[in-house]
Amino acid sequence: MNEKNKVRVCFPFVGDSIGGSHLSSIELIKALDKSKFDIKLLVHKKGVLSKHLVSEGIKPIFLEIKNFVGQKKGIIINFLNILINIFRLTSFINKNNIDIVHLNDASAGLTWVIPSKLSKAKIVWHQRVVFPNWMLYKTLSFFSEKIVCISDFVYKSLPNFNKKKSEKIFNPVSINKTKKNILQNKDLKNKKIKKILFLANIIETKRVDLFIKIAHPISKILPNSKFFIVGSDKKKILSSNLSKSIIYVGYSKYKEQWLKNCDLLIVTSENEGFNRTIVEGMLSKIPVIAVDSGAHKEIIKDKFNGWLVEKNNLNELINVSIKILGLKKNNLKKTIERAEKYAKEKFNVQKHASYISKIYLNLTKL
């Protein structure tokens, strides 16, 4: 397919943060067949995402926008933000002959809907969280040609008028396989210490408070245990008075190393549309416990490839954690092997790219 016949796809992002949706988008972009698709990844603010993209070998386009649709509630302010951005975005779409605008980021996504329709570009709306009960969100989503849901949990939250044009496609997940341990924490290198990991940006839905609450009773039974919290805490949810057994690491770009060097991953988040960290844990061959909430049960089959515990049941979370930490490697081997196999098959990057490619080609009839 020559350059003129390629499907031109634009991925717009705000750019001031990086999370699972960005990582999944990057994996998709890298896996798409460049002989069929011309990809333009665009950011509206320079920051952490731009730096990460460059490190991944992707050069983003910068198009500055300060006011996004949906950042504030109110008909007048959002109508004004639509008007403010229409000319700049429609000009970009038309100048670059964009065929499809693939929306992954809520603030950027809502801002691009009207310009995309005016420019006659098709819209792929990637719904990565539970659909919010917000009229503006419902109204603008109506104009999309295709909605991609990342789980059944997300699909069920869609308004009925959107379900007919939606399709469930799990996120792609892969991990960097580095043999050398570059983490300098001395406790990680001590094989006598049981290392329990919380890996997520610290927001309320991630429920780091549960992780903190179980640390003390577990450390009383297992004095040689340490609890690592790895993730940004921008709003300072964490108390500065953490117990000696809890180590707050903060943000780390070496999450694969943390997964590789710890003995247990505990995922306490609730009502998530998907949880990338669970899959990364499976691929890293670390046993995973997750709260039975949201889409977690679509990833973990209890006692088969991981463990699910009842939401807000601290005693169950403590008991299951102690049981797993007390098992020998041979007793964990089958569960870990099943988890790795399942993750490789279910969340395969190439399969994901193939599914999305078919959507692009069907929308453009090429």
message: Looking only at segment 152-207, how many residues end up being outside any loop (DSSP other than H, G, I, E, B), β-branched (Val, Ile, Thr), crowded, with 16+ Cβ neighbours inside 10 Å and in the same structural domain as Ala295 (by TED's automatic domain parsing)?
response: 1
task: Test Ser91 against the stated conditions and say whether it is assigned to a helix (DSSP H, G or I) and within 18 Å of the chain's Cα centre (by Cα).
output: no
- request: State whether the residues of segment 94-112 include one that is modelled with pLDDT of 95 or more, part of a helix (DSSP H, G or I), in contact with a strand residue (DSSP E or B) (Cβ under 7 Å, 6 or more places away or on another chain) and not aliphatic (A, V, I, L, M).
  value: yes
field: Unmet criterion (only one of (1) under 27 Å from Lys253 (Cα atoms); (2) surrounded by 13 or more Cβ atoms within 10 Å (Cβ to Cβ)) for Val148
entry: (1)
statement: Listed by first then second residue, the pairs whose first member lies in segment 13-36 and is in contact (Cβ under 8 Å) with a residue 24 or more places away in the chain, whose partner is among the basic types (Lys, Arg) and in a helix (DSSP H, G or I), with beta carbons under 6 Å and at least 6 positions apart or on separate chains, are Gly20/Arg276
- request: Can you confirm whether segment 55-75 contains a residue that is charged (D, E, K, R), farther than 27 Å from Ile202 by Cβ, in the same structural domain as Asn133 (by TED's automatic domain parsing) and not in a loop (DSSP other than H, G, I, E, B)?
  value: no
query: Looking only at segment 5-34, which residues are of a type in the set (Ser, Thr, Tyr) and over 21 Å from Asn348 (Cα atoms)?
result: Ser17
Flag for Ala343 being surrounded by 13 or more Cβ atoms within 10 Å (Cβ to Cβ), in contact with a helix residue (DSSP H, G or I) (Cβ under 8 Å, 6 or more places away or on another chain) and over 17 Å from Asn275 (Cβ atoms): no
message: So the check is Cβ under 6 Å with 6+ separation or different chains; which pairs have a first residue in segment 186-200 that's at pLDDT below 80 and a second one that's surrounded by 13 or more Cβ atoms within 10 Å (Cβ to Cβ)?
response: Asp187/Ile193; Asp187/Lys226
task: Could you tell me whether Leu308 is outside the structural domain of Ile29 (by TED's automatic domain parsing), within 23 Å of the chain's Cα centre (by Cα) and modelled with pLDDT of 95 or more?
output: yes
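The rows are residues; the columns are (1) surrounded by fewer than 22 Cβ atoms within 10 Å (Cβ to Cβ); (2) at positive phi; (3) modelled with pLDDT under 95.
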{"residue": "Lys234", "(1), (2), (3)": "yes, no, yes"}
{"residue": "Lys244", "(1), (2), (3)": "yes, no, yes"}
{"residue": "Gly250", "(1), (2), (3)": "yes, yes, yes"}
{"residue": "Trp258", "(1), (2), (3)": "no, no, yes"}
{"residue": "Ala290", "(1), (2), (3)": "no, no, no"}
- prompt: Among the numbered criteria (1) of a type in the set (Phe, Trp, Tyr); (2) touching a Gly at 6+ places or on another chain (Cβ under 9 Å); (3) under 30 Å from Thr90 (Cβ atoms); (4) modelled with pLDDT of 95 or more, which single criterion is violated by Phe153?
  reply: (3)
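The values are calculated or read from the model by the stated rules, or taken from the named source; none is laboratory data. Fair warning: this is a prediction, and the values are worked out from it, not measured in the lab. Using ideal geometry, Cβ is built from the backbone for each residue, glycine included, and neighbour counts are taken over all protein chains shown.
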